[in-house]
Amino acid sequence: MAMSPEPARGNTFAVSDNSQAAFTGNTLAVASMLTWAAGFPAAEVLLQTWPPIALFAARMMLAVLVMVPIWILLDGPARVLRARWGHAFFVGGLGIGSGMFLILVAQKLTDPVTVAIIASCAPLIATLLELAAGTRRLRWKFALGMGISIIGGLIATSAVAPAQLGIGAVCAVVSTALFCWASMATARDFPELTQLGRCTITLVGGLLTAVVLLPVAGFLGFEVMPTPSVDAAQMGMLVFYALFSLGLSQFFFIASVGKLGVALASFHINIAPFYVMVIMMALGEEWNWTRALGAAIVALAVVLAQDRKPRPVQSSSAAEAISGKN
């Protein structure tokens with residue numbers, strides 16, 4: 001799934017703090033992560049007959065065909081037309097499109113649990129990007145969490161045969177980094193759009209990546225179409241993978257953000273590997289305690305590393321403006 005950004009300046013929202021709103025927000029976040037996690041087993045089945053590029057293109061097309069009309073209906077055509085489409089093609093194409101394609105390649109080369117475990121480190125990668133941008137200070141909790149997360153990742157991936165890692169794990173890490181970058185760019189560069197608009201416009205950019213990659217892959221001789229004919233069962237899985245695991249999951253997440261705020265809602269992303277393991281076990285795979293331990297350690301590390309009340313570093317210009325007012 002695409003990661004929702006922090007609300008940009010000038011496009012804030014109110015967050016309810018009563019217990020009923022908290023319960024509703026957490027329920028929506030759980031629903032979002034469950035539908036997102038359920039997409040991993042669906043992709044595992046589809047990847048047996050679908051090349052990653054074909055599955056990526058089909059998923060993006062179905063999601064965009066549904067989400068764009070909803071965006072137009074809720075926000076109005078005028079706001080949609082005034083959006084920065086050129087820049088959205090760059091952010092969505094590079095961050096969302098390339099990220100989604102790489103995560104499919106990673107799952108094809110490894111397995112859904114390994115990909116989900118690596119994806120759970122997204123908040124840590126995002127923090128590293130913020131440190132590089134100078135918008136976050138390095139705190140001891142983050143440094144400790146980073147070390148623990150590395151240990152957890154090593155424990156989790158030790159349950160996988162070494163031949164399954166390598167390029168697959170690299171693709172998963174790069175994909176996660178691209179998602180984090182795209183989230184930061186969306187928050188910074190599209191302040192005039194709602195959460196739904198930001199998510200949808202970058203998905204359209206991701207579809208542009210699919211439109212470019214599909215013919216290029218075919219020209220280079222790669223397989224770009226499903227090997228057998230697509231039957232009703234495959235179409236049903238594809239619809240679920242596109243509309244529920246991507247579209248509906250994102251809708252639930254946006255609703256959760258309205259109740260909890262982005263930071264608390266995003267915490268639920270780190271529990272997705274547990275959901276994936278439970279779903280895969282229900283589909284007949286054996287429970288792996290080594291992976292469970294590694295995923296638990298990674299989740300604990302991410303919670304430890306996150307600052308629940310972040311204090312962004314003030315830029316020098318902002319500091320001068322404040323001092324000038326005083």
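No value in this document is a laboratory result; all are computed from the given coordinates. The structure presented is a predicted model; accordingly, all values stated were derived computationally and were not measured. Here the Cβ is made from the backbone with ideal geometry for all residues, glycine too, and neighbour counts use every protein chain on show.
Distance between the 7 Å Cα→Cβ label points at HIS87 and THR49: 4.4 nm.
Other residues with beta-carbon under 13 Å from the beta-carbon of MET280 carry, at +1 per Lys or Arg and -1 per Asp or Glu, a net charge of -3.
Give me LYS108, LYS259 sorted ascending by neighbouring Cβ count inside 10 Å, so fewest comes first.
Values: LYS108 19, LYS259 23.
Least crowded to most crowded, the residues run LYS108, LYS259.
For the pair MET225 and LEU131, a Förster radius of 56 Å applied to the C-beta separation gives a FRET efficiency near 0.80, rounded to the nearest 0.05.
So, counting K/R as plus one and D/E as minus one, what does the shell of residues with Cβ under 15 Å around VAL230 add up to?
On the way: positive: ARG59; negative: GLU223, ASP231.
Computed value for this residue: -1.
In this simple spin-label model, placing a label point 7 Å from the Cα along the Cα-to-Cβ direction at both LEU293 and VAL216 gives a separation of 4.3 nm.
Extension gain, ALA22 to LEU74, is 16.3 nm, computed as 0.36 nm per intervening residue step minus the present C-alpha separation.
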